Amino acid sequence: MGIDSPKTTYAEATLVAIARHGIVTWSAARSAGLTQEVIRHRVATGFLVREGRGTYRLAGVERCGRTAETAALAITEGRALGLWSANSAHGLSNGIPASLVHVVVDHRRRPRAGSWYRVHRARRLAEDEIHRRDGRPVTTVPRTLRDFAACLPATDWADGHLVRWTEEAIIQNQLTIARLEDAIARETAPNVRARLARVLDYHRGSDPAVFRSVGEAWLRDLIERLGLPMPRFNCRAAGGILSEADAYWEDVPLIVEFDGFAYHHTRTKHDRDRRRDRVALRHGIPTMRITKTDFEEDLPALERDIEQLVLGGMIRP
(Lines give C-alpha, C1' and ligand atoms only; values in the text may rest on other atoms or scores of the structure.)
Protein backbone atom coordinates (compact mmCIF):
# COMPACT_ATOMS: atom_id res chain seq x y z
CA MET A 1 0.00 0.00 0.00
CA GLY A 2 1.47 3.37 -0.98
CA ILE A 3 2.28 6.05 1.52
CA ASP A 4 -0.08 8.48 -0.22
CA SER A 5 -3.11 6.19 -0.26
CA PRO A 6 -6.27 7.37 1.52
CA LYS A 7 -5.96 4.60 4.12
CA THR A 8 -2.37 5.55 4.92
CA THR A 9 -3.27 9.23 5.19
CA TYR A 10 -6.14 8.37 7.56
CA ALA A 11 -3.81 6.31 9.80
CA GLU A 12 -1.30 9.10 10.06
CA ALA A 13 -4.02 11.67 10.72
CA THR A 14 -5.34 9.41 13.47
CA LEU A 15 -1.90 9.14 15.07
CA VAL A 16 -1.54 12.92 15.08
CA ALA A 17 -5.03 13.29 16.56
CA ILE A 18 -4.46 10.88 19.45
CA ALA A 19 -0.95 12.12 20.29
CA ARG A 20 -0.51 13.92 23.61
CA HIS A 21 2.33 16.44 23.52
CA GLY A 22 3.63 14.55 20.49
CA ILE A 23 3.53 11.13 22.21
CA VAL A 24 1.46 8.16 21.01
CA THR A 25 0.94 5.05 23.16
CA TRP A 26 0.07 1.63 21.81
CA SER A 27 -3.02 1.45 24.02
CA ALA A 28 -4.33 4.74 22.56
CA ALA A 29 -3.56 3.59 19.00
CA ARG A 30 -5.34 0.28 19.56
CA SER A 31 -8.38 2.08 21.00
CA ALA A 32 -8.44 4.22 17.85
CA GLY A 33 -8.63 1.07 15.69
CA LEU A 34 -5.02 0.96 14.53
CA THR A 35 -3.01 -2.26 14.36
CA GLN A 36 0.53 -3.25 15.24
CA GLU A 37 1.31 -3.44 11.52
CA VAL A 38 0.30 0.20 11.09
CA ILE A 39 2.55 1.25 13.99
CA ARG A 40 5.52 -0.82 12.77
CA HIS A 41 5.15 0.62 9.26
CA ARG A 42 5.16 4.22 10.60
CA VAL A 43 8.28 3.47 12.64
CA ALA A 44 9.98 1.97 9.58
CA THR A 45 9.11 4.98 7.43
CA GLY A 46 10.19 7.48 10.09
CA PHE A 47 6.73 8.86 10.85
CA LEU A 48 7.08 7.59 14.43
CA VAL A 49 10.14 7.25 16.68
CA ARG A 50 10.09 4.51 19.28
CA GLU A 51 10.75 5.93 22.76
CA GLY A 52 10.25 2.81 24.85
CA ARG A 53 7.86 -0.03 25.53
CA GLY A 54 4.57 0.80 23.78
CA THR A 55 5.49 4.49 23.48
CA TYR A 56 6.23 6.48 20.30
CA ARG A 57 7.06 10.09 19.44
CA LEU A 58 5.89 11.87 16.29
CA ALA A 59 8.80 12.62 13.97
CA GLY A 60 9.79 16.29 14.11
CA VAL A 61 8.73 16.66 17.75
CA GLU A 62 11.68 17.15 20.09
CA ARG A 63 11.93 15.12 23.25
CA CYS A 64 11.82 17.91 25.81
CA GLY A 65 9.42 19.55 28.25
CA ARG A 66 5.91 18.09 28.23
CA THR A 67 6.84 15.65 25.47
CA ALA A 68 9.59 14.09 27.59
CA GLU A 69 7.37 14.03 30.69
CA THR A 70 4.50 12.37 28.82
CA ALA A 71 6.84 9.79 27.30
CA ALA A 72 8.53 8.96 30.61
CA LEU A 73 5.19 8.50 32.37
CA ALA A 74 3.97 6.23 29.57
CA ILE A 75 7.13 4.11 29.35
CA THR A 76 7.35 3.51 33.10
CA GLU A 77 3.59 3.50 33.79
CA GLY A 78 4.50 6.05 36.41
CA ARG A 79 1.96 7.37 38.86
CA ALA A 80 3.29 10.95 38.90
CA LEU A 81 6.14 13.30 38.21
CA GLY A 82 8.23 13.71 41.35
CA LEU A 83 11.25 15.36 42.95
CA TRP A 84 12.96 17.83 40.58
CA SER A 85 10.26 17.43 37.90
CA ALA A 86 7.55 18.12 40.50
CA ASN A 87 9.66 21.07 41.68
CA SER A 88 9.53 22.55 38.19
CA ALA A 89 5.81 21.84 37.80
CA HIS A 90 5.07 23.66 41.08
CA GLY A 91 7.19 26.64 40.02
CA LEU A 92 9.57 26.22 42.95
CA SER A 93 13.27 27.06 42.67
CA ASN A 94 12.24 29.50 39.91
CA GLY A 95 10.57 26.66 38.02
CA ILE A 96 13.87 25.62 36.44
CA PRO A 97 13.24 22.47 34.36
CA ALA A 98 15.12 19.39 35.50
CA SER A 99 17.75 18.03 33.12
CA LEU A 100 16.14 14.60 33.62
CA VAL A 101 12.49 13.63 33.98
CA HIS A 102 11.84 12.17 37.44
CA VAL A 103 8.94 9.71 37.68
CA VAL A 104 7.49 8.03 40.76
CA VAL A 105 6.23 4.45 40.20
CA ASP A 106 4.65 1.78 42.36
CA HIS A 107 7.30 -0.16 44.30
CA ARG A 108 6.20 -3.43 42.68
CA ARG A 109 7.11 -2.16 39.23
CA ARG A 110 10.66 -2.38 37.92
CA PRO A 111 10.67 -0.41 34.64
CA ARG A 112 13.80 -0.30 32.54
CA ALA A 113 16.01 2.70 33.29
CA GLY A 114 16.48 5.38 30.62
CA SER A 115 19.26 7.84 29.88
CA TRP A 116 16.90 10.82 29.99
CA TYR A 117 14.56 9.86 32.84
CA ARG A 118 14.93 8.58 36.38
CA VAL A 119 12.60 6.17 38.15
CA HIS A 120 11.83 6.41 41.88
CA ARG A 121 9.97 3.47 43.40
CA ALA A 122 7.54 4.40 46.18
CA ARG A 123 6.19 1.85 48.65
CA ARG A 124 3.48 4.22 49.85
CA LEU A 125 2.03 6.95 47.64
CA ALA A 126 -1.53 7.86 48.60
CA GLU A 127 -4.02 9.30 46.14
CA ASP A 128 -4.15 12.57 48.09
CA GLU A 129 -0.38 12.93 47.59
CA ILE A 130 -0.90 13.31 43.83
CA HIS A 131 -2.70 16.10 42.05
CA ARG A 132 -2.93 17.29 38.49
CA ARG A 133 -0.95 20.36 37.53
CA ASP A 134 -1.62 21.68 34.03
CA GLY A 135 -3.02 18.29 33.09
CA ARG A 136 -0.12 16.17 34.39
CA PRO A 137 0.02 14.06 37.58
CA VAL A 138 2.48 15.57 40.05
CA THR A 139 3.35 14.74 43.65
CA THR A 140 2.02 17.38 46.06
CA VAL A 141 4.40 19.86 47.66
CA PRO A 142 4.47 18.03 51.06
CA ARG A 143 5.05 14.69 49.31
CA THR A 144 7.79 16.20 47.15
CA LEU A 145 9.46 17.56 50.29
CA ARG A 146 9.25 14.08 51.83
CA ASP A 147 10.89 12.53 48.77
CA PHE A 148 13.69 15.12 48.82
CA ALA A 149 14.27 14.37 52.51
CA ALA A 150 14.50 10.67 51.67
CA CYS A 151 16.93 10.92 48.73
CA LEU A 152 19.23 13.87 49.49
CA PRO A 153 22.51 13.03 51.26
CA ALA A 154 22.84 13.64 55.00
CA THR A 155 24.94 16.81 54.72
CA ASP A 156 24.64 20.38 56.01
CA TRP A 157 24.26 21.55 52.41
CA ALA A 158 21.29 19.25 51.83
CA ASP A 159 19.64 20.23 55.12
CA GLY A 160 20.05 23.89 54.17
CA HIS A 161 18.49 23.15 50.79
CA LEU A 162 15.45 21.57 52.48
CA VAL A 163 14.99 24.63 54.69
CA ARG A 164 15.29 27.10 51.81
CA TRP A 165 12.97 24.94 49.69
CA THR A 166 10.26 24.88 52.35
CA GLU A 167 10.59 28.63 52.93
CA GLU A 168 10.10 29.22 49.22
CA ALA A 169 7.01 26.98 49.25
CA ILE A 170 5.63 28.87 52.28
CA ILE A 171 6.22 32.23 50.59
CA GLN A 172 4.29 31.02 47.53
CA ASN A 173 1.41 29.73 49.72
CA GLN A 174 2.04 26.17 48.52
CA LEU A 175 2.94 24.85 51.98
CA THR A 176 1.86 25.60 55.54
CA ILE A 177 3.17 24.56 58.93
CA ALA A 178 0.02 22.47 59.41
CA ARG A 179 0.63 20.54 56.18
CA LEU A 180 4.26 20.01 57.14
CA GLU A 181 3.12 18.64 60.51
CA ASP A 182 0.70 16.31 58.72
CA ALA A 183 3.49 15.04 56.44
CA ILE A 184 5.59 14.21 59.52
CA ALA A 185 2.67 12.48 61.25
CA ARG A 186 2.07 10.12 58.32
CA GLU A 187 5.78 9.37 57.71
CA THR A 188 6.88 5.85 58.69
CA ALA A 189 10.61 5.94 57.86
CA PRO A 190 12.44 7.03 61.07
CA ASN A 191 15.32 8.81 59.31
CA VAL A 192 12.99 10.77 57.01
CA ARG A 193 10.67 11.61 59.89
CA ALA A 194 13.60 12.94 61.96
CA ARG A 195 14.85 15.04 59.06
CA LEU A 196 11.43 16.57 58.42
CA ALA A 197 11.11 17.28 62.15
CA ARG A 198 14.35 19.28 62.04
CA VAL A 199 12.97 21.34 59.17
CA LEU A 200 9.76 21.93 61.15
CA ASP A 201 11.78 22.97 64.22
CA TYR A 202 13.55 25.59 62.15
CA HIS A 203 10.28 27.04 60.87
CA ARG A 204 8.89 27.15 64.37
CA GLY A 205 11.97 29.09 65.38
CA SER A 206 13.19 26.46 67.85
CA ASP A 207 16.18 25.10 65.92
CA PRO A 208 19.42 26.81 67.04
CA ALA A 209 21.16 26.02 63.75
CA VAL A 210 21.50 29.02 61.42
CA PHE A 211 20.41 28.61 57.83
CA ARG A 212 20.40 31.30 55.19
CA SER A 213 16.77 31.99 54.42
CA VAL A 214 15.30 32.60 51.00
CA GLY A 215 15.12 36.29 51.84
CA GLU A 216 18.72 36.45 52.97
CA ALA A 217 19.90 34.70 49.80
CA TRP A 218 17.89 37.18 47.72
CA LEU A 219 19.37 40.13 49.64
CA ARG A 220 22.93 38.84 49.18
CA ASP A 221 22.36 38.56 45.41
CA LEU A 222 20.84 42.05 45.28
CA ILE A 223 23.77 43.64 47.16
CA GLU A 224 26.29 41.98 44.85
CA ARG A 225 24.34 43.11 41.78
CA LEU A 226 24.13 46.74 42.98
CA GLY A 227 27.75 46.85 44.13
CA LEU A 228 26.80 47.90 47.67
CA PRO A 229 28.72 46.97 50.83
CA MET A 230 27.74 43.52 52.09
CA PRO A 231 25.95 43.45 55.46
CA ARG A 232 26.62 40.93 58.21
CA PHE A 233 24.04 38.16 58.30
CA ASN A 234 22.53 36.51 61.40
CA CYS A 235 24.50 38.67 63.82
CA ARG A 236 23.86 40.70 66.95
CA ALA A 237 23.79 44.45 66.30
CA ALA A 238 24.92 47.35 68.48
CA GLY A 239 27.92 45.52 69.88
CA GLY A 240 25.86 42.48 70.83
CA ILE A 241 23.28 44.43 72.86
CA LEU A 242 20.43 43.60 70.48
CA SER A 243 19.16 40.13 69.63
CA GLU A 244 20.23 38.47 66.38
CA ALA A 245 19.35 40.36 63.18
CA ASP A 246 18.83 38.81 59.74
CA ALA A 247 21.09 41.45 58.15
CA TYR A 248 22.97 44.41 59.67
CA TRP A 249 24.98 47.30 58.17
CA GLU A 250 27.02 48.75 61.01
CA ASP A 251 28.30 51.76 59.07
CA VAL A 252 24.93 52.84 57.61
CA PRO A 253 23.45 51.84 60.19
CA LEU A 254 20.50 49.64 59.20
CA ILE A 255 18.89 46.35 60.22
CA VAL A 256 16.85 44.29 57.76
CA GLU A 257 14.44 41.62 59.04
CA PHE A 258 12.38 39.15 57.00
CA ASP A 259 8.85 38.66 58.33
CA GLY A 260 7.38 36.77 55.37
CA PHE A 261 7.36 33.25 56.78
CA ALA A 262 4.73 31.33 58.72
CA TYR A 263 6.50 31.38 62.08
CA HIS A 264 6.39 35.20 62.19
CA HIS A 265 2.58 35.25 62.05
CA THR A 266 1.87 35.06 65.79
CA ARG A 267 0.84 37.92 68.08
CA THR A 268 3.63 37.13 70.55
CA LYS A 269 6.29 37.20 67.83
CA HIS A 270 4.83 40.43 66.39
CA ASP A 271 4.93 42.21 69.77
CA ARG A 272 8.44 40.99 70.57
CA ASP A 273 9.72 42.19 67.18
CA ARG A 274 8.26 45.67 67.69
CA ARG A 275 9.85 45.97 71.13
CA ARG A 276 13.20 45.03 69.62
CA ASP A 277 12.74 47.64 66.87
CA ARG A 278 12.21 50.34 69.51
CA VAL A 279 15.35 49.29 71.40
CA ALA A 280 17.36 49.36 68.15
CA LEU A 281 16.04 52.83 67.34
CA ARG A 282 17.15 54.09 70.75
CA HIS A 283 20.65 53.05 69.67
CA GLY A 284 20.24 54.96 66.41
CA ILE A 285 19.64 51.88 64.25
CA PRO A 286 16.43 51.86 62.18
CA THR A 287 14.89 48.52 61.19
CA MET A 288 13.44 47.70 57.79
CA ARG A 289 11.01 44.76 57.88
CA ILE A 290 10.37 42.90 54.62
CA THR A 291 7.20 40.86 54.32
CA LYS A 292 5.92 38.20 51.98
CA THR A 293 3.68 40.83 50.37
CA ASP A 294 6.73 42.98 49.55
CA PHE A 295 8.19 40.04 47.60
CA GLU A 296 4.97 39.26 45.78
CA GLU A 297 3.54 42.68 44.93
CA ASP A 298 6.35 45.17 44.29
CA LEU A 299 9.81 43.65 44.28
CA PRO A 300 11.36 46.47 42.11
CA ALA A 301 10.22 49.11 44.63
CA LEU A 302 11.64 47.03 47.47
CA GLU A 303 15.01 46.83 45.73
CA ARG A 304 15.02 50.61 45.14
CA ASP A 305 14.20 51.27 48.81
CA ILE A 306 17.10 49.13 50.02
CA GLU A 307 19.50 50.79 47.59
CA GLN A 308 18.43 54.29 48.70
CA LEU A 309 18.59 53.45 52.44
CA VAL A 310 22.05 51.92 52.20
CA LEU A 311 23.45 54.63 49.92
CA GLY A 312 21.81 57.37 52.01
CA GLY A 313 23.52 56.10 55.12
CA MET A 314 26.87 55.82 53.38
CA ILE A 315 26.93 59.41 52.06
CA ARG A 316 25.46 61.00 55.16
CA PRO A 317 27.86 63.67 56.57
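What part of the accessible area of the chain, given as a whole %, is carbon or sulfur when the probe is 1.4 angstrom?
Numbers: 8500 of 16890 Å².
Percent of accessible area from carbon and sulfur atoms in the chain: 50.
Taking R0 as 51 Å, what FRET efficiency do you get between D221 and E62 from their Cβ-Cβ distance, rounded to the nearest 0.05? Could you put the intermediate results ahead of the total?
On the way: r = 32 Å, r/R0 = 0.63.
The formula returns an efficiency of 0.95 here.
Report, in cubic angstrom per residue, the convex hull volume of the C-alpha atoms of segment 66-225.
In segment 66-225, the Cα convex hull volume per residue is 133 Å³.
Give me the accessible area per residue for segment 1-81, probe 1.4 Å, as a whole number in Å². If you can, show how the numbers build up before the last one.
Values: 4410 Å² over 81 residues.
Here the residues of segment 1-81 average 54 Å² of exposed surface.
For A189 paired with D128, estimate the spin-label separation in nm (one decimal), with each label point 7 Å from Cα along the Cα-to-Cβ line.
2.2 nm
Determine, from the Cβ-Cβ distance of H161 and E296 and an R0 of 22 Å, the FRET efficiency 1/(1 + (r/R0)^6), rounded to the nearest 0.05.
Numbers: r = 23 Å, r/R0 = 1.03.
After rounding to 0.05, the efficiency reads 0.45.
Roughly what % of DSSP beta bridges within the chain run antiparallel, to the nearest 5? List each step's numbers first, then the result.
On the way: 21 of 32 bridges.
Taking every DSSP beta bridge within the chain, about 65 percent pair in antiparallel fashion.
Averaged per residue, what accessible surface does segment 103-222 expose to a 1.4 Å probe, in Å²?
Numbers: 6110 Å² over 120 residues.
For segment 103-222, the solvent-accessible area averages 51 Å² per residue.
Mind telling me which of V105, V138, V252 comes out most flexible in a GNM of the chain, alpha-carbon contacts under 10 Å?
Looking only at V105, V138, V252, the largest GNM fluctuation is found for V252.
Can you check what the net charge comes to around V101, using other residues whose Cβ is under 9 Å from the Cβ of V101 (Lys, Arg +1; Asp, Glu -1)? Please report the intermediate quantities before stating the final value.
Details: positive: R118; negative: E69.
Taking every other residue near V101 into account, the sum is 0.
D106 to H283: extension gain in nm, 0.36 nm per residue of separation minus the Cα-Cα distance? Intermediate values should be presented prior to the final figure.
Working: separation 177, 0.36 × 177 = 63.72 nm, distance 6.02 nm.
My answer for the length gained is 57.7 nm.
For the chain, which semi-axes, largest first and in whole Å, follow from the square roots of 5 times the eigenvalues of its Cα gyration tensor? List each step's numbers first, then the result.
Numbers: eigenvalues 536, 103, 41 Å².
Its equivalent ellipsoid spans semi-axes of 52, 23, 14 Å.
Ignoring everything except DSSP H segments at least 4 long, calculate the 222 nm mean residue ellipticity for the chain; use -39,500 (n - 2.57) per segment, divide by total residues, nearest 500.
Working: 13 runs with 152 residues, N = 317.
Here the helix-only value at 222 nm equals -15000 deg cm²/dmol.
Please find, in a Gaussian network model of the chain (springs between Cα atoms separated by less than 10 Å), the residue of T45, T291, T166 whose mean-square fluctuation is greatest.
T45
For a test of the definition: using alpha carbon positions, the gyration tensor, and the 1.5 limit on a/c, classify segment 40-94 as rounded, prolate or oblate. Intermediate values should be presented prior to the final figure.
On the way: a/c = 5.40, a/b = 2.11, b/c = 2.56.
Judged from the Cα gyration tensor, segment 40-94 comes out oblate (a/c at least 1.5, b/c at or above a/b).
Simple spin-label model, 7 Å along Cα-to-Cβ: S27 to A178 in nm?
3.6 nm
Using alpha carbons only, what's the Rg to Rh ratio of segment 1-134 with Rh from Kirkwood?
Working: Rg = 16.4 Å, Rh = 16.0 Å.
Ratio value, two decimals: 1.03.
Let me have the relative contact order for segment 81-135, percent, based on Cα pairs under 8 Å that are six or more residues apart.
Working: 65 pairs, mean separation 16.0, N = 55.
Over segment 81-135, the number comes to 29 percent.
State to the nearest 20 debye the size of the charge dipole of the chain about its Cα centre, where the only charges are +1 on K and R beta carbons and -1 on D and E beta carbons. Mind showing how you got there, number by number?
Numbers: 48 positive and 41 negative charges, 286 e Å.
Here the chain has a charge dipole of around 1380 debye.
The values are calculated or read from the model by the stated rules, or taken from the named source; none is laboratory data. Keep in mind that what you see is a predicted model, and the values were worked out from it rather than measured. Note that we place each Cβ from the backbone using ideal geometry, even for glycine, and neighbour counts take in every protein chain shown. Accessible surface areas use protein heavy atoms only, side chains included; no ligands, DNA or RNA. Shrake-Rupley method; radii C 1.70, N 1.55, O 1.52, S 1.80 Å.
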